[in-house]
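*Asks:* Have a look at the structure that comes next, please.
A short reminder: the numbers here are calculations on the coordinates, not readings from a lab. Computed from a predicted model, the values in this text were never measured in an experiment. Quick reminder, even Gly has a Cβ in these numbers, built from the backbone with ideal geometry, and neighbours come from all protein chains shown.
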Amino acid sequence: MKSTFVAYLLLAVGLVGFCGLHRFYTGNFKTGLLWLLTLGLLGIGQIIDIFLVPSLVRQANLEDRVHDLETRRG
């Protein structure tokens, strides 16, 4: 289960140059790579993600639960 606190810590690390780590953590690898290569969309994406982190974590946890349920059935 992903933690919002950990995601915010990774976002804070992004504010000093390693942008996108919170997106890798929540399973958004394509946008994580985009953030990493563009310095968080020149900082604008990093600022927007301050508000989006809870929904990114919620979505990642939901996808993990669905995956767990599907593997138990089949």
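*Asks:* What is the dipole size for the range 4-73, taken about its Cα centre, with +1 at each Lys and Arg Cβ and -1 at each Asp and Glu Cβ, in debye to the nearest 20?
*Replies:* Using Cβ point charges on Lys, Arg, Asp and Glu, the range 4-73 gives about 80 debye.
*Asks:* Same structure again: Just to check I understand the Karplus step: with θ = phi - 60° and J = 6.51 cos²θ - 1.76 cosθ + 1.60, what whole-Hz values come out for the range 17-28, glycine and proline as x?
*Replies:* Calculated HN-Hα couplings, in order: x, 9, 6, x, 4, 5, 6, 4, 4, 8, x, 9 Hz.
*Asks:* Classify the range 1-61: rounded, prolate or oblate, from the alpha-carbon gyration tensor (a ≥ b ≥ c, eigenvalue square roots; a/c under 1.5 rounded; otherwise prolate if a/b is larger than b/c)?
*Replies:* prolate
*Asks:* Could I ask something else about it? PRE reach from Ser3 (point 7 Å along Cα→Cβ): which of the range 41-67 fall under 16 Å by backbone N?
*Replies:* Residues passing the 16 Å test: 54, 57-58, 61.
*Asks:* Under the classification rounded if a/c is under 1.5, otherwise prolate if a/b is larger than b/c and oblate if not, where does the range 28-74 fall, given a ≥ b ≥ c as square roots of the Cα gyration tensor eigenvalues?
*Replies:* oblate
*Asks:* Sticking with this structure for a sec: Taking 0.36 nm per residue of separation and subtracting the Cα-Cα distance, what length does fully extending Ala12 through Leu69 add?
*Replies:* Stretched out fully, the Ala12 to Leu69 stretch lengthens by 17.2 nm.
*Asks:* Could you give me the ³J(HN,Hα) list for the range 33-48, computed from phi with Karplus coefficients 6.51, -1.76, 1.60 and θ = phi - 60°, whole Hz, x at Gly and Pro?
*Replies:* 5, 4, 5, 5, 7, 10, 6, x, 6, 6, x, 5, x, 4, 5, 5
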